[in-house]
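The values are calculated or read from the model by the stated rules, or taken from the named source; none is laboratory data. Every value quoted in this text rests on a predicted model; they were computed, and no experiment measured them. Every residue, glycine as well, gets a Cβ built from its backbone with ideal geometry; the counts of neighbours run over all protein chains shown. These accessible areas exclude ligands, DNA and RNA; they are computed on the full protein's heavy atoms, side chains included. Shrake-Rupley method; radii C 1.70, N 1.55, O 1.52, S 1.80 Å.
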Amino acid sequence: TGEVSFNERWCGMLGFEPGEIEPRVRGWESLLHPDDRARVMGVLNDHLAGKTDFYRCEHRLRRKQGGFVWVLDAGKVYERDAAGKPLRMTGVHIDVTERRRAEERFELVVKGSAAGIWDWDIVSGLDYFSPRWKQLLGYEEHELTNMVSTWAELIHPDDRAAVTRAVE
């Protein structure tokens, strides 16, 4: 039917009182940032069509007072009819505005820094090497992959054992 229940916390995150947002999908759609709309609707429609197990998307929603809140929007269709048409879906919005702002500030620091910056996510094994870091070592942006193994290969063979001990 397109009917949606927005709880008090969901409305409050955007500065609205319950009942101020039309309780229909189009009420939520009207709050989507124009630059995010096509991407968000594509991800949602893929889930509704059964192409994905979950709906998960970060996007911006307009606040009552103006401006936008970044949300992690996640949900799942949990009831379909015999033909597979979605009947009911539930989901959550989590305010991730501060995290997104921190990421934007980090990117500004990296872009404006004369120093080379790297960041290692120990759990995933992914490394981030700033373009300046690669340049300082004499490489072009595309020549190094962002993996810790890449970093390890760049260490002089005579120093690898000591560096490995220090990292461990």
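Per atom type, the chain shows carbon and sulfur on 53% of its accessible surface, probed at 1.4 Å. Accessible area per residue for segment 57-168 is 69 Å², calculated with a 1.4 Å probe on protein heavy atoms, without ligands, DNA or RNA. Compared with the dominant Cα axis of the chain, that is its longest principal axis, helix 97-112 is turned about 30°. Using the alpha carbons alone, the radius of gyration of segment 13-102 stands to its Kirkwood radius in an Rg to Rh ratio of 0.99. Rounded to 0.05, the FRET efficiency of the R56 and E141 pair, given R0 = 30 Å and the Cβ-Cβ distance, is 0.55. Under the criterion of Cα pairs below 8 Å and six or more residues apart, the relative contact order for the chain equals 11 percent.
Each of D95 and L72 was given a label point 7 Å from its Cα along the Cα-to-Cβ line. The distance between the two points is 1.6 nm.
In this simple spin-label model, placing a label point 7 Å from the Cα along the Cα-to-Cβ direction at both R80 and D121 gives a separation of 3.0 nm. Normalised by the number of residues in segment 1-44, the average gap of Cα pairs under 8 Å and 6 or more apart makes the relative contact order 33 percent. What is the diffusion coefficient of the chain in µm²/s, taking the Kirkwood radius over Cα pairs and the Stokes-Einstein relation at 4 °C with a viscosity of 1.567 mPa s? In µm²/s, the coefficient is 66. Count the net charge of all other residues whose Cβ sits under 11 Å from the Cβ of G116, scoring Lys and Arg as +1 and Asp and Glu as -1. Neighbour charge sum, excluding G116 itself: +2. Its DSSP H runs of at least 4 residues, each contributing -39,500 (n - 2.57), put the calculated 222 nm mean residue ellipticity of the chain at -10000 deg cm²/dmol, to the nearest 500. Among the lysines of the chain, pairs at least eight places apart or on separate chains and with Cα atoms under 26 Å apart come to 4. Scan segment 119-155 for GluC sites (Glu not before Pro) in coil per DSSP, keeping those whose Cβ has at most 16 other Cβ atoms within 10 Å, and list them by number. Taking segment 119-155 and a limit of 16 other Cβ atoms within 10 Å, the loop GluC sites (Glu not before Pro) found are E140.
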